[in-house]
Each structure stands twice: as structure tokens, then as C-alpha cells.
1. Taking region 55-104 only, how many residues are among the small types (Gly, Ala, Ser) and over 16 Å from Ile32 (Cβ atoms)?
2. Taking strands (runs of 3 or more DSSP E) that do not extend beyond region 39-136, which have at least 2 residues that are surrounded by fewer than 17 Cβ atoms within 10 Å (Cβ to Cβ)?
3. Taking only pairs six or more apart or across chains, which ones have beta-carbon atoms under 9 Å, a first residue in region 168-190 that is of a type in the set (Val, Ile, Thr), and a second residue that is at pLDDT below 95 and in a helix (DSSP H, G or I)?
4. Please determine, by comparing only the residues of region 161-200 that are among the β-branched types (Val, Ile, Thr) and under 30 Å from Val134 (Cα atoms), which one is surrounded by the fewest Cβ atoms within 10 Å (Cβ to Cβ).
5. Here are some residues: Thr59, Thr107. Which one is over 13 Å from the mean Cα position of the chain (by Cα), among the polar types (S, T, N, Q) and at pLDDT below 90?
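The values are calculated or read from the model by the stated rules, or taken from the named source; none is laboratory data. Model, not experiment: these values are computed from the prediction. Quick reminder, even Gly has a Cβ in these numbers, built from the backbone with ideal geometry, and neighbours come from all protein chains shown.
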Amino acid sequence: MPPRRLVLAAGLAVFALSACQSTPPRPAPRPIDFSNFGPIVLNAGSVDVVNAYRPLGGTHVEDRSAVPPAEAVRRWASERLQAAGGSGRVRVTIKDASIVEVPLPKTQGVKGYFTTDQAQRYDGRIEVEVTGDVPDAGVGTAAFRGMTKATVTYSTTVPENIALGEREATFLDITRRMVEDLNARLDAGIRKDLAPMVRR
């Protein structure tokens with residue numbers, strides 16, 4: 001008969017192993033892409049993306065996102081805007097692509113030892129302007145200039161005991177939520193305000 005300690009240790013090992021196996025792995029972050037949307041086909045020879053965003057005040061953390069907001073906008077332009085040829089030009093200007101960290105007040109005194117506070121708030125903001133320009137090419141053609149823009153924001157808070165991986169996932173989630181909103185707004189804006197340049 002095996003010693004009691006050995007049986008107990010084996011039981012604990014089996015319990016620990018089953019506990020580890022029962023913990024589901026954290027799902028991988030969903031990639032930011034627009035492959036489920038058709039391209040907006042434009043009467044343009046080129047689509048240029050200009051990043052005019054420069055961080056100002058505050059604690060900026062957008063570069064800690066696996067896909068920073070500015071890169072997400074570039075990806076959107078690459079996948080959604082298709083130049084079909086012609087003398088027209090389309091320009092996408094990124095005016096803001098920020099995620100700013102704002103510290104939150106903590107519970108003071110004895111109560112603070114037993115309270116898990118929300119420690120930081122993250123404020124995301126993306127502002128993008130899309131302009132279209134078609135020069136007058138002579139008889140049967142007309143010059144056109146149009147512009148549409150969209151601004152999207154998203155904010156969330158995180159607890160003081162958040163793990164590093166969860167914090168990084170939060171940044172990516174902020175970016176994804178904003179750029180998905182941006183996609184819907186700019187899709188409608190381009191089809192309305194740049195309609196003469198839209199083939200389909």
C-alpha cells in the first residue's frame with residue numbers, strides 16, 4: 001500500500017493538472033481587416049495617404065497597440081479605396097490617430113486596501129479627411145473637387161490589477177472599434193460627397 005503522503009501528492013498533482021486543462025486559452029486578437037467589404041472603386045489614378053498627425057499633450061500610448069490607429073487607417077485605405085485609373089486623385093489625410101492615457105483617482109484609506117479601482121482611462125480618437133480632385137480635361141469632362149471627413153472616438157477604463165497582455169489587448173480593441181466606426185462613416189461620406197468619382 002503506498003504511503004499516505006504519496007497518495008495525497010499524486011491527488012494534488014492530478015487536481016492541478018485538471019485545473020490547468022480546464023482553463024480555456026485566451027482567444028487570439030481578431031485581426032483588423034476589411035476583406036468582408038467590397039472596394040470603393042474610384043475614378044482616380046492614385047490614392048495617397050498622408051499622416052499629418054502629431055501627438056500633442058497627454059500621455060500617448062497609441063504606439064503600444066499591435067496595430068496603431070494610423071496604421072489601421074492606412075490599412076483601411078489600402079483595402080477599401082481602389083483607384084480605377086484616370087486623371088483624378090484621391091488623398092486620405094490622417095489628422096488625429098491618438099490613444100491617450102488618463103490616470104483615475106484611487107480609493108483612499110483602509111477601504112482602498114480592499115478595493116480594486118479602475119486605474120486608467122484610455123481615450124481614443126481618429127480624425128480622417130478624404131479629398132477628391134478631377135481636373136478639367138477638355139470637352140465632355142468637368143472639373144470636380146470634393147471632400148468628406150469623419151471623426152470617431154472610443155473610451156474605456158482598466159482596473160489597477162490588469163495583466164500586461166490584457167492591457168495590450170485593450171489598446172488593439174480601442175483601435176478596432178474606432179476604425180470599424182470610421183469605415184462605416186467614410187463609406188457613406190465618400191459615396192455622398194465624392195459621388196462623381198465613385199464608379200461603384
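1. So the answer is 9.
2. 46-51, 89-103, 118-134
3. Partner pairs satisfying both residue conditions: Ile190/Met197.
4. Filtering region 161-200 for residues that are among the β-branched types (Val, Ile, Thr) and under 30 Å from Val134 (Cα atoms), the one surrounded by the fewest Cβ atoms within 10 Å (Cβ to Cβ) comes out as Val198.
5. So the residue among Thr59, Thr107 that is over 13 Å from the mean Cα position of the chain (by Cα), among the polar types (S, T, N, Q) and at pLDDT below 90 is Thr107.
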